[in-house]
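Structure record follows, encoded as structure tokens.
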Amino acid sequence: MNLSACIIVKNEQENIITCLESLKPIVSQIVVVDTGSDDDTVKIAKSCGAEVYYFKWVDDFSKARNYAISKAKGKWIISIDADEYIEDECKNNILTVIDIAEKDKSDVIITSVVNYEKNDSSITNSSIVTRIFRNDPDILFEGPIHENLVHKSRKIRYLDASKEIRFIHTGYTADIVKSKKKSERNLNILLKQLDKNPENSDLCFYISEAYIMAGDYENAINYGYKVIEYNNGKIFGIKQKNYLNMLELMLRIKYPTDKYKEIVKKALIECPEFADIYAYQAKLFDDEKRSYDLIESYEKVIQYSESSVKYQSSIVYNIENIYTLLGIQYYRTGQVNKCVSSFTKALKLNKFIYPSSLGLISIAAKTEQPDVIYDFLQKLYDYTDKDDLKYLLNVSLNTGCHELAEKYLKRLKTLFYMHLDSEEAQLFLLNGNYYEAAKKYRALYQKENKDIYAVMCIVAAHLSNQQNLLSEISAKSKASFVKFINLINDENGNIEPLSDEDRKDFMEIIDKYIMLSRLDKLPDYLNLLIRLNMIFEAADIAYNREKYDLVLDLYGKLNEMEYDKTDEEMAAILFKIADCLYKTGDEAFALDFLDDAQKLNPRDYRIYELGITICRKLSNREKELQFANAGIKYFDDSNFFKSSLTNAFSNN
């Protein structure tokens, strides 16, 4: 193929070898134009067979690029940056696509570029670019920075090959950006251009991006607003990317929520099929704990993810996380089948997404036999791979699914002869064999001196009545553990003053009792928690572990306590009580608590959402309408409330 590659460079010794090596198999000529390197860039380029030319830098990228393409001899040109390279899988596609462009008489081939983060080997986002074009004296670069291809006498004819040809860009990791001083260079050029054309959206966008690179986020946002105000951008994808930049910066510097909402609203109106905007909307809904609205946002993200790649979208490369977050919200709203489907889709994309694995096994364990779960997971994981099996063992243990965990432990021992003392100890604990668990954890504590092993040993020794072990741990462990052991051994004794570290360690131990549903084994546990002033912390743990009856028992002691809570905090407690009543089948009583919670904090979205959910179950249309009307006063953008009002009116 008669194909030339043209590259302008300055101090690119770290990147240029990768770039040139990716080009050599498909091009007949490589042109490198150096604009003032003082490192080994030129030497490396020559050693790779490139033709090297020199161009004095004049603060104009187009002039440098046009000089480079003037040296090209090929019929087609690849214009690439030194910190980019062609993906191996796409190299053969380039020649095929050029043949198609020849037949179609296209001038420029649209490709995609993926921004790759070297530091953690991850893809951050992607966009479409014009890197390949016909060698025609009428086709030139225009613009001193962020230059574009133009035809002197007519419109460019494009061929879209963004799915077939992909370039990898590695130059914008944070450390490289700083070392190149790109922000300072770009700003100098762009601000001069803005003086000549002061209301140009494209220029304002690039100035905003330069300020982002410089770390000046306030100015970046200000110029982002100008992009929206002037609304005359001509470059593809700038509108979408500008909204992304603004929303990310607003989150980063904690911009006022009303301003953030305003930009989300504008972005959704102007870019209704751009997935990433819905992801930023979801961040807002997540802060306000709006489960049903979150579901709608995540579903939109997934719906538009594939088509958003061309707009520098990052979503398509993180879609498994969206499926995971969607699955969590499906679970919270009782949509179990959709939850399982969403978690499964996430794991098919990345089998080590822990929340999806944990959620899937937890749900399955409630209704399915361990053999069924084991067989299903074999479709997602490799049962001959040690890492897969150990991962599943730990997830199974952390869900409390001990029979499933036993299967993975047995397979690991059979295939790999592994010693898994910690996992075996946890399995003994879950099986109720507290005596063996205590012995295992004591040995682990003696060997590794980790606090978690002391915690587990204390719980297991207490539940198996091994006073000698408790005494042994008491003699060797830190002061907070000693205080707890003394407390359970002398239930009527005085409670020593507790430090913050004591309270933290006490709660970690109490969490294990709650996990095992053995909190009642602590002496007079309700009064003990009152004396420790830990009722609220214990209730939070129990709520997160879905021990709803225990939560109600703990909050049932509030009348016997003195406590200082704000209206918002009390409303949150009343909401949790209502939710626990709903989850345990007492829906009507739950509504009473929600009414009280609403009076204390009418801005808690969850109150209305749960109220509507309960009213729908009870077919109480009048009460549902009351909740929806009250909620929409504070959350007028809630589609869930709007749908509730529509449903309530249509059924009356």
* Where the only charges are on Cβ atoms (+1 Lys, Arg; -1 Asp, Glu), what is the dipole of the stretch 409-457 about its Cα centre, to the nearest 20 debye? -> 140
* Asked: Carbon and sulfur together cover what percent of the accessible area of the chain at a 1.4 Å probe radius?
  -> 46
* Structure fact -> As straight-line cross-link partners of Lys557, the qualifying aspartates and glutamates (C-alpha separation under 17 Å, not fewer than 8 residues apart within one chain) are Asp520, Asp524, Glu537, Asp540, Asp549, Glu569
* To do: In Å³ and rounded to a whole number, note down the convex hull volume per residue for the Cα atoms of the chain.
  => 217
* Mind running the shape call on the stretch 5-149? Use the C-alpha gyration tensor, a ≥ b ≥ c as the square roots of the eigenvalues: rounded below 1.5 for a/c, prolate if a/b tops b/c, oblate otherwise. => rounded
* What are the semi-axes of the equivalent ellipsoid of the stretch 258-391, taken as the square roots of 5 times the eigenvalues of the Cα gyration tensor, listed largest first and rounded to whole Å? -> 32, 17, 10
* Helix hunt in the chain: which complete DSSP H runs extend at least 30 Å axially by C-alpha with mean Kyte-Doolittle at least 1.6? -> none
* Asked: Along the charge dipole of the chain, which of Leu610, Leu23, Tyr292 sits closest to the positive end, that is, farthest toward it, with unit charges on the beta carbon of Lys, Arg, Asp and Glu (+1, +1, -1, -1)?
  -> Leu23
* Alpha-carbon Rg/Rh ratio, for the stretch 534-604, with Rh computed the Kirkwood way -> 0.94
* Structure fact -> Along the dipole axis of the chain (charges at Cβ: +1 for Lys and Arg, -1 for Asp and Glu; origin at the Cα centre), the most positive-end residue among Asn115, Ile253, Val33 is Val33
* Structure fact -> The correct ranking of His151, His419 by accessible area at 1.4 Å, largest first, is His419, His151
* To do: Counting only heavy atoms of the protein chains, get the accessible area per residue of the stretch 480-610 (1.4 Å probe) and round it to a whole Å² value.
  => 48
* Of the cross-linked pairs Lys338/Lys512; Lys440/Lys512; Lys163/Lys265; Lys476/Lys504; Lys283/Lys379; Lys547/Lys576, which ones have a Cα-Cα span greater than 21 Å in the structure shown? -> Lys338/Lys512; Lys163/Lys265; Lys283/Lys379
* Asked: Roughly how many debye, to the nearest 20, is the charge dipole of the stretch 505-581 about its Cα centre, given +1 on each Lys and Arg Cβ, -1 on each Asp and Glu Cβ, and no other charges?
  -> 340
* **Binned Cα-Cα distance frequencies in the stretch 495-621 - 5 Å width, integer %** => 2, 10, 20, 20, 19, 13, 9, 5, 1, 1, 0
* **Distance violations [Cα-Cα > 32 Å] among Lys24/Lys348; Lys521/Lys617; Lys71/Lys234; Lys439/Lys583** => Lys24/Lys348; Lys521/Lys617; Lys439/Lys583
* Hey, can you find the accessible area per residue of the stretch 312-403 for me, probe 1.4 Å, expressed in square angstrom? => 47
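The values are calculated or read from the model by the stated rules, or taken from the named source; none is laboratory data. Keep in mind the model is a prediction, meaning the values are calculated, not measured. Glycine also receives a Cβ, built like all others from the backbone with ideal geometry; neighbour counts cover every protein chain displayed. Side chains included, ligands, DNA and RNA excluded: accessible areas come from the protein's heavy atoms. Shrake-Rupley method; radii C 1.70, N 1.55, O 1.52, S 1.80 Å.
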